[in-house]
Amino acid sequence: MRRRIILIVITLVLSLHVLAWGASQTFQGNITGNAATVTTNANLTGDVTSTGNATTIKEAPAIKAPTLSAGSELVTNGTFPTDTTGWTAVNNAVLSAAGGYLTITTGASDNPTARQTITTVSGKYYKFSVSHKNGTLGSGRISVGTAVYPNAGWNAYYDSGAVNNADWTTYGSILAVTGTSTVINLINTDSAGGGKTDLYDTVTMNEVPLTIGGDAYSSGNIRIVIPTYPNNAAAIAGGLVPGQFYRVNAATDPEPLYIVH
């Protein structure tokens, strides 16, 4: 009789365990040891790690957004908060920073200019911009190039032509640089002795493109400026390095891109 009672108790205990696993189970915390097969729907909350004979469940990898960083600012004192430090007066220009912007006043020569020379890398691209407003003069001019404007050997990466603005207006472009130094010329186009003023502010120049850390996805339009060279040798002579792109301005549509090698 005692053996029968023991067997009945064991059977009931086993039955209760089986019935208990028939429902969904919730696990909270870490599970270690030899894991049995779970045939029911189990909600696993928290980290699950097995040190025995079981498949390890790992957390999903973190997905990070790409970080964008622009090249450092190359212009010295481009906002003229208190003075004209970093800028050279050319053609008898009189420079001042009253009002938090650059004022160029005509002296004894034509085309008085504020000038700054920046170290650049041949074959790279730079974003340049500047704001202009008329002073007592009707027009000015913005020129960025390889040498002092308008001396011999001057080659413009960007030239605005005459600018005439009653309110602050921004000018600029992406520059395809081919020299190791780039000259920014902010020009008052008045003639000698006129005493007229021309105003400039927020002069900036940064290397582009932006550096992207991580994968990036764009749903908009992307514009890429590709330099033009007749062949690979000319591209290298122009400052490009292996791996960079160039085009030959072919009359085909679409126009192919070439890789410097």
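Any read-out appearing in this document is the output of simple, stated calculations on the displayed coordinates, not a laboratory observation. The model shown is predicted, which means the values in this text are computed figures rather than measured ones. Cβ atoms come from the backbone with ideal geometry, glycine included; neighbour counts cover every protein chain shown.
So here's what we get for this one:
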item	result
Stokes-Einstein diffusion coefficient of region 132-202, Kirkwood radius over Cα pairs, 37 °C, 0.692 mPa s, in µm²/s	254 µm²/s
Additional length obtainable on full extension of the chain from THR84 to THR119, 0.36 nm per residue less Cα span	10.7 nm
Footprinting exposure proxy for VAL203, VAL90 (fewest neighbouring C-beta atoms within 10 Å first)	VAL90, VAL203
Proxy reagent accessibility, fewest Cβ within 10 Å first, across VAL130, VAL75, VAL225, VAL94	VAL225, VAL94, VAL75, VAL130
Cut-off 12 Å (backbone N to label point 7 Å along Cα→Cβ of VAL241), residues of region 111-127	121-124
Percent RCO, i.e. relative contact order, over region 109-182, from Cα pairs under 8 Å lying at least 6 residues apart	47 percent
Ascending count of other beta-carbon atoms within 10 Å, so fewest first, for HIS132, HIS261	HIS261, HIS132
Two-decimal Rg/Rh across region 77-192, once Rg and the Kirkwood Rh are taken from alpha-carbon atoms	0.95
